[in-house]
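Please read the structure below before turning to the comments.
The values are calculated or read from the model by the stated rules, or taken from the named source; none is laboratory data. From a predicted model like this one, the values you see are computed outputs, not experimental measurements. FYI the Cβ positions are ideal-geometry reconstructions off the backbone, even for glycines, and counts take in every protein chain you see. Heavy atoms of the whole protein, side chains included, go into the accessibility calculation; ligands, DNA and RNA do not. Shrake-Rupley method; radii C 1.70, N 1.55, O 1.52, S 1.80 Å.
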Amino acid sequence: MWSSLLMKQSKKGGVKSSAKFRVLALKSDGSTINRMEDLLKLDVTPYTDKIIAEYIWIGGSGIDLRSKSRTISKPVEHPSELPKWNYDGSSTGQAPGEDSEVILYPQAIFKDPFRGGNNILVICDAYTPAGEPIPTNKRHRAAEIFSNKKVVDEVPWYGIEQEYTLLQTNVKWPLGWPVGAYPGPQGPYYCGVGADKSFGRDISDAHYKACLYAGINISGTNGEVMPGQWEFQVGPSVGIEAGDHIWCARYILERITEQAGVVLSLDPKPIEGDWNGAGCHTNYSTKSMREEGGFEVIKKAILNLSLRHKEHISAYGEGNERRLTGKHETASINSFSWGVANRGCSIRVGRDTEKEGKGYLEDRRPASNMDPYVVTSLLAESTLLWEPTLEAEALAAQKLALKV
């Protein structure tokens, strides 16, 4: 019937639609042609001022992302223009069934690369109806640290290197790997090119462009050491912004892998054996570190970090002990170390920083599944707000051969 109708319309010149989408049509063999793609690409901007806001929050595991959509009456430029919302916390492991309402507070907005137009992605944190942050809301504490005057005055910069692994959907085995078997040993895959070395480049490239569109401060991407593993970098970002941008970038990556039929893994050691794990190296500097004489400030920061090693490790991601073994470009989880250009240390200082006497440090301990709010704020707290005793500092300096 549809074939007949479309043929008649064609003879009469057809029915033109300003929306430029077609109905479901039946081919002569009876199969269905799906035109849903036209609706997904439909630009509603000429017809309404209303926009779609995708509210995004962190679920009960502390690493899973959740989201839902609502209509906003007009475009917005700041999260303060958005209403608070709520969700069923009993379904995300964040509230009991008898008191399940959790309140979402909009905190950061980004352009929506999936819906386009004036539509937005909204990073939120979660509170009880009484206004108390729930246990998985790590942003609230981070915002307190980053609003401290000592921290504000030092303008902390972060550059975060997010590694991730792409897995085949049904077998949960890395993309490009033969099912139930292993590829050739590591070596040719890092920044590699070719069908036998690079698996998932389209996903990485799509994510790169989507992040740029969204307004995320993404600064680069590359294929990683283990085949099927990739990395993107975000920064330099100041303070709480670093966490907001990483979480939004993770959400976009989850959506892209969803569309591609690939599973995203942030497991710090997805494949046991002689394979690199996945980390989230965090580059960090303060205003004093970036100015003349900054290397001495960096050394003092390293001293503080050495004395709080256990506190940092406990907050740097689940399963990190499987990754921090002292092998595959990692330091042992049980000991603190630092070095210039040494990727087998807890803290690495670059050659340029040593040469120029100022710059930044790289904390190589965080796992790929770390919470960026926790890691960034803890670095600021340990190096700018926390003061060790003189005795502990002297012993640490002697042990690490640091003259401060």
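Placing unit charges on the Cβ atoms only, positive for Lys and Arg and negative for Asp and Glu, gives region 336-404 a dipole magnitude near 380 debye about its Cα centre.
Can you give the net charge of the other residues whose Cβ lies under 12 Å from the Cβ of E321, counting K and R as +1 and D and E as -1? Walk me through the intermediate numbers first.
Numbers: positive: K269, R322, R323, R365; negative: E318.
Net charge around E321: +3.
Entry note, the chain: the mean residue ellipticity at 222 nm calculated from DSSP H runs of n ≥ 4, each adding -39500 (n - 2.57), is -8000 deg cm²/dmol after division by the residues and rounding to the nearest 500.
Just the Kirkwood number for region 113-245, please: inverse of mean 1/r across all distinct Cα pairs, in Å, one decimal. Numbers along the way, then the final one.
Details: mean 1/r = 0.0566 Å⁻¹.
Computed over Cα pairs of region 113-245, the Kirkwood hydrodynamic radius comes out at 17.7 Å.
Going by the alpha-carbon gyration tensor, a ≥ b ≥ c the square roots of its eigenvalues, is region 197-299 rounded (a/c under 1.5) or, if a/c is not under 1.5, prolate (a/b greater than b/c) versus oblate? The shape class here is oblate.
With θ taken as phi - 60° and the Karplus curve 6.51 cos²θ - 1.76 cosθ + 1.60 applied, the whole-hertz 3J(HN,Hα) list for region 190-206 is 4, 6, x, 10, x, 5, 9, 10, 10, 10, x, 4, 4, 5, 4, 5, 4 Hz, x standing for glycine and proline. Report the local net charge at E292: Lys and Arg +1, Asp and Glu -1, summed over other residues whose C-beta lies under 11 Å from its C-beta. Net charge around E292: -1.
Quick one: compute the contact order of region 129-265, relative version, from alpha carbon pairs under 8 angstrom and 6+ residues apart, as a percent.
Working: 194 pairs, mean separation 45.3, N = 137.
With pairs under 8 Å counted, the relative contact order is 33 percent.
Each Cα pair under 8 Å and six or more residues apart adds its sequence gap; the mean of these over the residue count of the chain is a relative contact order of 14 percent.
Within region 272-349, report the trypsin sites (Lys or Arg not before Pro) that DSSP leaves as loop and that have at most 14 other Cβ atoms within 10 Å.
Details: sites: K287, R290, K299, K300, R308, K310, R322, R323, K327, R343, R348; in loops: R308, R323, K327, R343.
In loop regions of region 272-349 (DSSP not H, G, I, E or B), the sparsely surrounded trypsin sites (Lys or Arg not before Pro) are K327, R343.
Seen against the Cα atoms of the chain and their longest principal axis, helix 241-260 is set at about 40 degrees.
Computed over region 287-399, the convex hull of the alpha-carbon atoms projects to a mean area of 7.0 nm². Taking only protein heavy atoms and a 1.4 Å probe, the accessible area of the chain is 52% carbon and sulfur. Only one residue of A206, Y373, I134 has its Cα farthest out toward the positive end of the dipole of the chain, where Lys and Arg carry +1 and Asp and Glu -1 on Cβ, and that residue is A206.
Remark: region 80-87, residue by residue, has Karplus-estimated 3J(HN,Hα) of 5, 7, 9, x, 5, 9, 9, 8 Hz, where x stands for each Gly or Pro and the curve is 6.51 cos²θ - 1.76 cosθ + 1.60 at θ = phi - 60°. Under a 5 Å amide H cut-off, with hydrogens placed 1.01 Å from N, G62 pairs with nothing among residues at least 5 apart or on other chains.
With everything on Cα atoms, drop me the angle between helix 390-400 and the longest principal axis of the chain, reported from 0 to 90° to the nearest 10. Approximately 80 degrees, to the nearest 10. Cross-link partners of K287 among aspartates and glutamates, defined as those whose alpha carbon lies under 20 angstrom from its own and excluding same-chain residues fewer than eight positions apart: E144, D153, E154, E241, E296, D352, E354, E356, E362, D363, E381, E387. Shape class of region 224-352 from the alpha-carbon gyration tensor: oblate, with a/c at 1.5 or above and b/c at least as large as a/b. Pairs exceeding a 28 Å alpha-carbon distance, out of K209/K355; K269/K310; K358/K399; K197/K355; K150/K299: K209/K355; K197/K355.
Taken over the C-alpha atoms, region 70-184 has Rg and Dmax values of 19.8, 56 angstrom.
For the chain, the longest principal axis of the alpha carbon atoms and the long axis of helix 294-307 meet at an angle near 90°. With all protein chains kept in place, the per residue accessible area of region 47-111 amounts to 53 square angstrom at a probe of 1.4 angstrom.
The listed peptides 68-78, 379-389, 129-139, 107-117, ordered by packing as a protection proxy, come out as 107-117, 379-389, 129-139, 68-78 (highest mean of other Cβ atoms within 10 Å first).
In percent, how large is the relative contact order of region 333-404, given Cα pairs closer than 8 Å and 6 or more residues apart? Walk me through the numbers before you get to the answer.
Numbers: 53 pairs, mean separation 13.4, N = 72.
Relative contact order of region 333-404: 19 percent.
Altogether, the Stokes-Einstein calculation at 4 °C and 1.567 mPa s, with the Kirkwood radius of the chain over Cα pairs as Rh, returns a diffusion coefficient of 55 µm²/s.
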